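The structure under discussion appears below in the form of structure tokens.
The values are calculated or read from the model by the stated rules, or taken from the named source; none is laboratory data. These figures come from a predicted structure and were not determined experimentally. Here the Cβ positions follow ideal geometry from the backbone for every residue, glycine too, while neighbour counts run over all protein chains shown. Ligands, DNA and RNA are stripped out before the accessible areas are found, and what is left, the full protein with its side chains, is counted by its heavy atoms. Shrake-Rupley method; radii C 1.70, N 1.55, O 1.52, S 1.80 Å.
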Amino acid sequence: MIPILYESTETEFTTNGIGRLTDALSCIVTEERNGSFELSMVYPITGIHYSDILNSRIISAVSHDGGGRQPFDIYKISKPINGNVAIYARHISYRLSKI
């Protein structure tokens, strides 16, 4: 499925948000049992939503085959290398660790 970008304040995730990230070159969700739950994505700087991808925004993506969509907070965006950026995001449940 295609990842979807949302504002950092989104709570419903029922719309297309800011937009679908159809230009993403790869989007991988890794989930470790009782461990990390993170997303890593490669996106071209020529992509339609490149300028919309910012820290704290949310990417909704399918976590595994047959699973539902899960929301991830963007926490790191690399500098462009060969016209692509790497985007790293943690599951929104990690927001509780900042309280």
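What the table below lists for this structure:
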{"read-out": "Listed residue (TYR6, ILE48, ASN34) projecting farthest to the positive dipole end of the chain, Cβ model", "value": "ASN34"}
{"read-out": "The chain, accessible area per residue, ligands and nucleic acids excluded (1.4 Å, Å²)", "value": "62 Å²"}
{"read-out": "Carbon and sulfur %, accessible surface of the chain computed with the full protein complex present, 1.4 Å", "value": "51 percent"}
{"read-out": "Debye intensity ratio I(q)/I(0), log10, the chain, q values 0.22 Å⁻¹ (C-alpha model)", "value": "-1.19"}
